[in-house]
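Following: one structure in structure tokens, then a few remarks.
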Amino acid sequence: MEIKKITVIGAGNMGHQIALCAALSGFEVKCTDTNPDILAKAIAFANNYLNERVTKGKLTEEEANKTKQNLAFVPTIQEAVVETDLVIEAIIEKLDVKRKLFADLDAMCPAHTILATNSSYIVSSKIADATNRPDKVCNMHFFNPALVMKLVEVVQGSHVSNETVDAVMNAAKKMNKTPVLLHKEIYGFLVNRLLQATRQEALKLLDMGVASFEDIDTAAKNGLGYPMGPFQLLDLTGIDLAYHVGMEKYKESGDAADRPSPTVVEKFTKGDFGKKAGKGFYDYE
Ligand code: 3HC
């Protein structure tokens, strides 16, 4: 099956860039969000980004216009899924909310449509049984910022068909991404398991008062060659995401060590979600 039409559900931190990336690669894309403000921000971002790419000489006027034609931001899921081949869900990291959405998508989408989740941690087998098409439900995990980061993790749980995986891997390649295939479901996949180890240690060092978050970032950048320190990255990916992911993991394991760290809880409670909120560890105002 060749994917030509893509729907992105959720126009937040990840969704709007995944949609734009797909449109730039020639897919016909519809993106939707239940929050009209987030949708308006996504439209403004797409227009600015494409205009800037033309100014920078990275895109021709014609390519920018073609991308704009390929990309529609629509207010309802019903409009977004008409004749779609692949849905990429990029909404909040809450299992019950995702399960409800996938059940709705199953009822609304054409029979051939693949339903993928961009979840950072939740494996698709926890969602697939909310639909009548488990063989077509898989993980397709992008990285932030999705327009720049090349990797996509595709996960083949035992319920996912080879046809689904082939179609999703090919769609990722057409999006100019480098997909990797996981043959087993595992919490956090590859990258977030590696990232989590560094992040937990960074938060622990901060909570122990060993060094400031700025110096821990400086250490990671200058001592390990990381492009960003762990706190800059937390601000980029969202402290709200780190909070929800920790809470979901804790709910599942019951292990207090899985709870979000006190610093993450404090920032989450204050609404200091990171770059998108204007304030996280760093100030962006
Ligand atoms: N959105 C879109 N494009 C962006 C961007 C953003 N937020 N930030 C930078 N860019 C683009 C710029 O436009 C520029 O493009 P060009 O070279 O084609 O003109 C290019 O990226 C380089 O930008 P800059 O020179 O301004 O900045 P840097 O060279 O410092 O790169 C970065 C910025 C790509 C964000 C780099 O710092 C980086 O790679 N950081 C690490 C990001 C990372 O680790 N992401 C993974 C997070 S984990 C995750 O996503 C998992 C999820 O489950 C939470």
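The values are calculated or read from the model by the stated rules, or taken from the named source; none is laboratory data. Just so it is clear, the structure is predicted and the values come from calculations on it, not from any experiment. These accessible areas exclude ligands, DNA and RNA; they are computed on the full protein's heavy atoms, side chains included. Shrake-Rupley method; radii C 1.70, N 1.55, O 1.52, S 1.80 Å.
Within the accessible area of the chain, the carbon and sulfur atoms contribute 54%, probe 1.4 Å, all protein chains present. Taking the helices alone, the chain has a mean residue ellipticity at 222 nm of -14500 deg cm²/dmol, built from -39,500 (n - 2.57) per DSSP H run of at least 4 residues and averaged over all its residues.
Excluding ligands, DNA and RNA, the accessible surface per residue across the chain is 49 Å² with a 1.4 Å probe.
Label segment 191-277 by shape, choosing from rounded, prolate and oblate, from the square roots a ≥ b ≥ c of the eigenvalues of the Cα gyration tensor; if a/c is under 1.5 it is rounded, and otherwise prolate applies when a/b is larger than b/c, oblate when it is not.
prolate
Under 12 Å of direct C-alpha separation, and excluding same-chain neighbours fewer than eight residues apart, K4 reaches these aspartates and glutamates: E28, E83, D85. Excluding ligands and nucleic acids, what accessible area in Å² is computed for S158 using a 1.4 Å probe, to the nearest 10? In the full protein context, S158 sits at about 130 Å².
Does segment 11-113 come out rounded, prolate or oblate, given a ≥ b ≥ c as the square roots of the eigenvalues of its C-alpha gyration tensor, rounded meaning a/c under 1.5 and, failing that, prolate meaning a/b above b/c? It comes out prolate by the Cα gyration axes. The 3J(HN,Hα) values that the Karplus relation (6.51, -1.76, 1.60; θ = phi - 60°) gives for segment 81-93 are, in residue order, 9, 4, 6, 6, 9, 9, 9, 10, 8, 9, 10, 4, 7 Hz. Gly and Pro appear as x. Couplings 3J(HN,Hα) of segment 188-196, computed from phi: x, 6, 8, 5, 5, 5, 5, 4, 4 Hz, in residue order, whole Hz [Karplus 6.51 cos²θ - 1.76 cosθ + 1.60, θ = phi - 60°; x for Gly and Pro]. Which of the three applies to the chain, rounded, prolate or oblate, going by the alpha-carbon gyration tensor with a ≥ b ≥ c and a/c under 1.5 meaning rounded? Note, shape of the chain comes out oblate. Only Cα pairs under 8 Å and 6+ residues apart enter the sum, and on that basis the relative contact order of the chain stands at 14 percent. For K204, a cut-off of 15 angstrom between C-alpha atoms picks up these aspartates and glutamates, skipping any fewer than 8 places away in its own chain: E214, D215, D217, D258, E266.
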